[in-house]
Amino acid sequence: MTTLATCGSPCDTWSGVTGIVVQNANAYVDGLSEPARHMIANRPGVPGAEDRVREIPTLPVTRGQYEGGTADTTPVDPSGWTLDQHFDTGHLALEENLPEIVPLIDGFPRALHRKIAVIGAGGRLGGAIAREAADRGHQVTPLGRSTMDVTDPASVTAAVAGHDAVVASLKGPDGLVPRGAAALLAGLTRAGVHRLVFVGGGGSLEYAPGQRYVDSPDFPAAYRQTAQDQAAALELLRASSGPVSWTYASPPPVHLVDGARTGRYRTEARDTPLTDAAGESRISIPDFAAAIVDTIEQRGYDRQRFTVAYA
Ligand SMILES: NC(=O)c1ccc[n+]([C@@H]2O[C@H](COP(=O)([O-])OP(=O)(O)OC[C@H]3O[C@@H](n4cnc5c(N)ncnc54)[C@H](OP(=O)(O)O)[C@@H]3O)[C@@H](O)[C@H]2O)c1
C-alpha cells in the first residue's frame with residue numbers, strides 16, 4: 001500500500017499546493033490504510049476537507065504512512081489480481097474522477113516557482129518573457145550586455161549558475177545569435193544548469209517540405225540576416241548532444257505582433273507554421289511570452305523546436 005502526498009518545495013507554506021493526489025499502488029480500496037481512507041474522503045467540495053488536508057503533511061502522518069500499511073497483504077498480492085476485480089465495485093475509478101483530478105495535476109507544475117535567468121531581458125521579447133515569468137511568481141534574473149557576454153561561455157557560466165532555467169532572447173550583429181547559442185550550450189553545461197529556452201525566429205519554418213520562409217524571394221530583406229542567424233542557431237542546437245535540454249521557440253514567420261495577452265493559443269513541435277481557420281499564422285508578443293513560460297513550467301518540448309499561434 002502506498003499513499004503519496006505529492007508536493008514540491010513550498011509544501012511547508014502551502015502557497016504552492018493546488019491539491020493532493022492520493023496514489024494507491026494497486027488501485028483497489030483493499031490496499032488503502034486507515035489514514036489513506038480518511039485522506040480520500042477529503043474530496044474537493046466536501047465541507048472541512050481543506051482544513052483536514054492541511055494536517056496531512058505533518059510528521060505524525062508521515063510516520064503513519066510507514067507504520068500503517070495494510071495488515072493483510074492477501075488482497076493486495078499482485079498474483080491475485082484479475083480483470084474481473086478491476087471491473088468489480090471498489091476500485092477507485094480514476095477515470096471517472098478525471099474532471100476533479102486533471103486540474104489538480106495540471107496546476108501542480110505551474111505552482112512550483114523557479115529561478116529563471118532571462119538573457120536579453122532589456123529587449124523587446126526578453127522583456128515580455130521576464131514580465132510574464134515574474135507575474136507568475138518566478139524569481140527572474142534579468143541579464144544583458146551590462147552584466148554578461150552571451151558569446152563567452154565563462155561569462156555565461158558565471159551569470160546562470162544556480163538558476164533552474166535560462167531563457168535567451170538575443171539580437172545582434174556578426175552572428176551573435178548562433179555564437180550565443182554555442183556559448184550557452186557550453187556555459188550552461190559547466191554551470192550544471194540543464195534547461196535552456198531559446199527565443200527563435202520564424203524564418204526557418206517551412207512553407208513546403210524543405211522550403212524555408214527565409215530562403216523565399218518574398219522574405220523581407222531587412223530581416224533576412226537575422227532569420228539566417230536564427231536558422232543557424234537552430235541547427236546548432238539540434239546538433240548538440242550534451243546534457244542541456246534545449247527548446248527553440250519559433251513565432252509565426254511574419255506576424256509576431258503587438259497586442260493583448262489572451263492566454264489562448266496553440267503550441268506544437270513542428271517545422272511548419274500553425275495557422276488559424278483563415279490560414280493565417282499570428283500571435284501577440286504577450287501570448288508568445290506566455291507560451292515560453294508555459295514551456296519552462298511544464299518542462300515541455302525537450303530538444304525540440306515548437307511554434308505558437310492562435311487557433
Ligand atoms: N521582435 C520581433 O518581432 C521578432 C520576431 C521574430 C523573431 N524575433 C527574434 O527574437 C530575438 C529577440 O528579438 P528582440 O526584438 O526582443 O531583440 P532586442 O529587443 O534587440 O533584444 C536583444 C537583446 O539581446 C541582448 N544582447 C545582445 N548582445 C548581447 C550579449 N553579447 N550578451 C548578452 N546579451 C546581449 C541585448 O542586451 P541589452 O539589453 O544589454 O541591449 C538585448 O536585450 C531575435 O533573435 C529575433 O530574431 C523577434
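The values are calculated or read from the model by the stated rules, or taken from the named source; none is laboratory data. Treat the numbers as computed from the prediction; the structure is a model and nothing was measured. Cβ coordinates were reconstructed from backbone atoms using ideal geometry, including for glycine residues, and neighbour counts include every protein chain displayed. SASA here: full protein model, heavy atoms, side chains in, ligands and nucleic acids out. Shrake-Rupley method; radii C 1.70, N 1.55, O 1.52, S 1.80 Å.
Is there a quick way to get the dipole size of the range 196-247? I mean about its Cα centre, with the Cβ of Lys and Arg at +1 and of Asp and Glu at -1; what is the value in debye to the nearest 20?
Numbers: 3 positive and 5 negative charges, 20 e Å.
Charge dipole, the range 196-247, about its Cα centre: 100 debye, nearest 20.
Taking the Cα centre as origin and putting +1 on Lys and Arg beta-carbons and -1 on Asp and Glu beta-carbons, what dipole magnitude results for the range 174-311, to the nearest 20 debye? Walk me through the numbers before you get to the answer.
Details: 14 positive and 15 negative charges, 86 e Å.
Here the size comes out at about 420 debye.
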For the range 151-200, the accessible surface attributable to carbon and sulfur atoms (probe 1.4 angstrom, ligands and nucleic acids excluded) amounts in percent to 55 percent
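Give the shape of the range 253-311 as rounded, prolate or oblate, defined through the alpha-carbon gyration tensor: a ≥ b ≥ c are the square roots of its eigenvalues, a/c under 1.5 means rounded, and otherwise the shape is prolate if a/b is larger than b/c and oblate if not.
On the way: a/c = 2.04, a/b = 1.25, b/c = 1.64.
Oblate shape, in that a/c is at least 1.5 and b/c is the bigger or equal ratio.
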Computed over the range 113-309, protein heavy atoms only, probe 1.4 angstrom, the accessible area per residue in square angstrom equals 44 Å²
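Report, as a whole number in µm² per second, the diffusion coefficient that Stokes-Einstein gives for the range 113-309 at 37 °C and 0.692 mPa s using the Kirkwood radius over alpha carbon pairs.
Values: Rh = 16.5 Å.
It comes out at roughly 199 µm²/s.
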